[in-house]
Amino acid sequence: MKLRIPLMFLAFCAVASAKPAHGYVLRAPDGTPAAVCGTMLLRTDPSRSRPAARVTLPGSYVSPARWFRIHYTTASGSADAVPAADANQNGVPDWVELAASVADSVYANYRALGYTTPLTDGGASGGTEYDIFFINLAPQNVYGYTFSPPDGYMELDNDYAERIYQTKGATGLRITLAHELFHSVQFAVWVGGNDGIWWQEATATFMEEYNYPDINDYWQYLDPDWFCNTLFENPATPLNQGSTGSCDTHMYGAAVFCQYLVRTDSVSGHAGIRYSFDRQKVLRSSAPNVVVDALETTMQQPMRELIAGFWSRAYFTGPRSPRTPFFPDGAAWTSPPPSALLSADWEIKRLGSSGSTQFPVKAAGLGGGIVRIVPDRTAGGVRLTTDATTNWAWRVAVSAGDSVRIIVPRENRVSVSNWDQVEDIVVTFGNGAVTPTESQIMLTAAYDPELTRPAPEEFLLTLEQNRPNPFNPGTEFDFSLSEPAGVTIRVYSVLGIPVRTLVSNAAYGSGLHTGSWDGLDNRGTQVPSGVYILQVTALGRTRSRKMVIVR
């Protein structure tokens, strides 16, 4: 959400306790303040404190699900007055009824994701419902504040009408509730410390998109024309970097990494986010290694692999997006990575003339890297090797036409044949170490004029997790081939019984392809709820994924 706190900027509100809150002002390009998330915590800076005492407002309204009590005023002349419209003339402003309905809906979504720890306000301000206060926050350049237990509550702006709000009116209310309520959910589990703010903000900003995929307020955090240290400027910046200045939106933009986790595997991605807060509570720590361990456990991949995979997908956004982008909004992100680096810092050119080159890649822990091999239209191909250690992983993405194939190196080597027929060869890296210390690996790129056909052992088949998952009635999935092949795609029960043949030895070209399953068996009958196995086979290689259908 958005508020002003020393570790958040034009984002939504963050963390709070019934203690002082940080004060922080994010500024737009014209120098005017921009609202950000407000966080009230025990960890606040006394020099930037704001009293966290509850206000008293004359009106209150309990939400239909009885989870929230909305406090408000309609007093004429009050700076805190909410819009007075009351279409059904029941004495409760439409604005308040909308807030109650949105809060119930968003909170129901979070409960469905497994966040079942009750919100608590300590019984203050009447009743046991979680309290939401509408007051004029515009003078504080804040969208909202969230205060942590034991007497947790939220403060939201009374109308989101002022210039400082990028997203205004009812839309601003929705997106702020999505963000701030996730902070309330986080705090109900574990409030955490300063080292966890980046993850609180990344996940809360991600939940804006999860609840309201059509609002897209978070796009602004990826725009270097508006802010500094945005996520896509330099992949070497650690994912867990917090605020470094008054225009820094890196931790809000890190919501895109959360998108990557869920797009890769919806069930495991959401489970990893939830588990990260559960583990923080158990270990009484919000240190980055706790988050990393939780994600590795649920995603069943080392963090270095997740980071390298993330950057291989993030590169192909904006003007580089394929027709079917990995990120649904990716084509709209105008400055894909690495937007702040000079060409010489990340591109290898004229490799056909030089023959080979070594290119250093540096990043601190939880940082990454991108190196582009620019095809120079000579015949042959490229052989890539690295001296990657156990902390590093890398991927090679090759684009041609409207397809992108992702190659996972084996034994730290990858060959790309017929590079004169491709548009981009992009090598992405991930440093999975949980340390601020910078380390370096070396990429060696060598031109081979004889590399006009992939060796049989280099044929690669990949299968991404289906989306959505769980699903009903249908789902999609992506698979890629490193060369043309006959493909068979089948669905099996968990007992190995064939359920549906989607494709039988059909010819596919190299690159990325999308398939789908409508939840029907070979007889055209809907299959029951349960777990099914998706299997793709090509040139003797097989890849499988579990899918869950819920009727």
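Please identify the pairs in which a residue from segment 369-390 that is under 16 Å from Glu423 (Cβ atoms) and in a loop (DSSP other than H, G, I, E, B) has its Cβ atom under 7 Å from the Cβ atom of a residue that is modelled with pLDDT of 90 or more and of a type in the set (Phe, Trp, Tyr), counting only partners at least 6 apart or on another chain.
Hits for this filter: Pro375/Trp419.
Being more than 24 Å from the chain's Cα centre (by Cα) and open to solvent by less than 10 Å² (accessible area, probe 1.4 Å) is the filter; apply it to segment 362-380 and report the residue that is modelled with the highest pLDDT.
Result: Ile373.
Test Val282 against the stated conditions and say whether it is in a helix (DSSP H, G or I) and under 15 Å from the mean Cα position of the chain (by Cα).
The answer is no for Val282.
Failed condition for Asp225, given (1) in a loop (DSSP other than H, G, I, E, B); (2) within 17 Å of the chain's Cα centre (by Cα); (3) among the charged types (D, E, K, R), with all others met?
Here Asp225 meets the rest and fails (2).
Would you be able to tell me the number of residues in segment 205-221 that are in contact with a Ser or Thr (Cβ under 9 Å, 6 or more places away or on another chain), assigned to a helix (DSSP H, G or I) and at pLDDT 95 or above?
2
Looking only at segment 497-528, count how many residues are within 22 Å of Ala400 (Cβ to Cβ) and out of contact with any strand residue (DSSP E or B) (no Cβ under 7 Å at 6 or more places or on another chain).
Residues meeting the conditions: 1.
Checking the structure you have, find out if any residue of segment 311-320 is surrounded by fewer than 23 Cβ atoms within 10 Å (Cβ to Cβ), in a helix (DSSP H, G or I) and of a type in the set (A, V, I, L, M, F, W, C).
Within segment 311-320, none of the residues are surrounded by fewer than 23 Cβ atoms within 10 Å (Cβ to Cβ), in a helix (DSSP H, G or I) and of a type in the set (A, V, I, L, M, F, W, C).
Have a look at Glu464, Glu483 and point out the one that is more than 19 Å from Thr324 (Cα to Cα) and modelled with pLDDT under 95.
Numbers: Glu464 fails: more than 19 Å from Thr324 (Cα to Cα).
Sole residue among the options that is more than 19 Å from Thr324 (Cα to Cα) and modelled with pLDDT under 95: Glu483.
So the check is Cβ under 7 Å with 6+ separation or different chains; which pairs have a first residue in segment 104-125 that's farther than 24 Å from Ser266 by Cα and a second one that's assigned to a helix (DSSP H, G or I) and of a type in the set (Ser, Thr, Tyr)?
From segment 104-125, the pairs are Leu119/Ser184.
Return the residues of segment 404-415 that are over 23 Å from the mean Cα position of the chain (by Cα), buried (at least 18 other Cβ atoms within 10 Å of the Cβ) and outside any loop (DSSP other than H, G, I, E, B); say none if nothing qualifies.
Val414, Ser415 - these are the residues of segment 404-415 that are over 23 Å from the mean Cα position of the chain (by Cα), buried (at least 18 other Cβ atoms within 10 Å of the Cβ) and outside any loop (DSSP other than H, G, I, E, B).
Any idea which of (1) under 22 Å from Ser268 (Cβ atoms); (2) touching a residue at least 60 places away in the same chain (Cβ under 8 Å) is the one Val494 doesn't satisfy?
Looking at each condition in turn, Val494 falls short on (2).
On the basis of being open to solvent by 50 Å² or more (accessible area, probe 1.4 Å) and not aliphatic (A, V, I, L, M), does Gly77 make the cut?
Answer is yes for this residue.
Of the conditions (1) over 22 Å from Thr428 (Cα atoms); (2) in contact (Cβ under 8 Å) with a residue 40 or more places away in the chain; (3) surrounded by 21 or more Cβ atoms within 10 Å (Cβ to Cβ), Gly272 satisfies every one except a single condition; which number is it?
The failed condition is (2).
Scan Ala506, Ala446 and give me the residue that is modelled with pLDDT of 95 or more, more than 23 Å from Leu261 (Cα to Cα) and either open to solvent by less than 40 Å² (accessible area, probe 1.4 Å) or in a loop (DSSP other than H, G, I, E, B) (or both).
Among Ala506, Ala446, only Ala446 is modelled with pLDDT of 95 or more, more than 23 Å from Leu261 (Cα to Cα) and either open to solvent by less than 40 Å² (accessible area, probe 1.4 Å) or in a loop (DSSP other than H, G, I, E, B) (or both).
For Ala99, are the conditions met, namely being open to solvent by less than 10 Å² (accessible area, probe 1.4 Å) and either in contact with a strand residue (DSSP E or B) (Cβ under 8 Å, 6 or more places away or on another chain) or on the phi > 0 side of the Ramachandran plot (or both)?
yes
Restricting the search to segment 284-309, which residues are touching a strand residue (DSSP E or B) at 6+ places or on another chain (Cβ under 9 Å) and open to solvent by less than 10 Å² (accessible area, probe 1.4 Å)?
Hits for segment 284-309 are Met303, Leu306, Ile307, Ala308, Gly309.
Can you confirm whether Ile407 is closer than 19 Å to Ser312 by Cα, in contact (Cβ under 8 Å) with a residue 24 or more places away in the chain and touching a Ser or Thr at 6+ places or on another chain (Cβ under 6 Å)?
Details: closer than 19 Å to Ser312 by Cα: yes; in contact (Cβ under 8 Å) with a residue 24 or more places away in the chain: yes; touching a Ser or Thr at 6+ places or on another chain (Cβ under 6 Å): no.
Spelling it out, it is not the case that Ile407 is closer than 19 Å to Ser312 by Cα, in contact (Cβ under 8 Å) with a residue 24 or more places away in the chain and touching a Ser or Thr at 6+ places or on another chain (Cβ under 6 Å).
Here's a check for you: in segment 418-443, which residue that is under 17 Å from Lys349 (Cα atoms) and outside any strand (DSSP E or B) is most open to solvent (accessible area, probe 1.4 Å)?
Per the stated criteria, the residue is Gln421.
Can you name the condition, by its number, that Ala65 falls short on among (1) crowded, with 16+ Cβ neighbours inside 10 Å; (2) at pLDDT 95 or above; (3) touching a Phe, Trp or Tyr at 6+ places or on another chain (Cβ under 8 Å)?
(1)
Taking only segment 337-362 into account, find how many residues are under 30 Å from Asp293 (Cβ atoms) and either in contact with a Pro (Cβ under 7 Å, 6 or more places away or on another chain) or not in a strand (DSSP E or B) (or both). Let's see the steps before the verdict.
Here is the first cut: in segment 337-362, the ones under 30 Å from Asp293 (Cβ atoms) are 337-338, 360-362.
Right, trim to either in contact with a Pro (Cβ under 7 Å, 6 or more places away or on another chain) or not in a strand (DSSP E or B) (or both) and you get 337-338.
Looking only at that region, the number is 2.
For residues in segment 324-344 being closer than 20 Å to Asn466 by Cβ and either among the β-branched types (Val, Ile, Thr) or free of Cβ contacts under 8 Å to residues at least 12 places away in the same chain (or both), which is least open to solvent (accessible area, probe 1.4 Å)?
Pro325
The values are calculated or read from the model by the stated rules, or taken from the named source; none is laboratory data. A quick note: this is a predicted structure, and the numbers were derived from the prediction, not measured. Cβ: placed from backbone, ideal geometry, glycine included. Neighbour counts: every protein chain shown. Remember, those area values only see protein heavy atoms, side chains included, never the ligands or the DNA or RNA. Shrake-Rupley method; radii C 1.70, N 1.55, O 1.52, S 1.80 Å.
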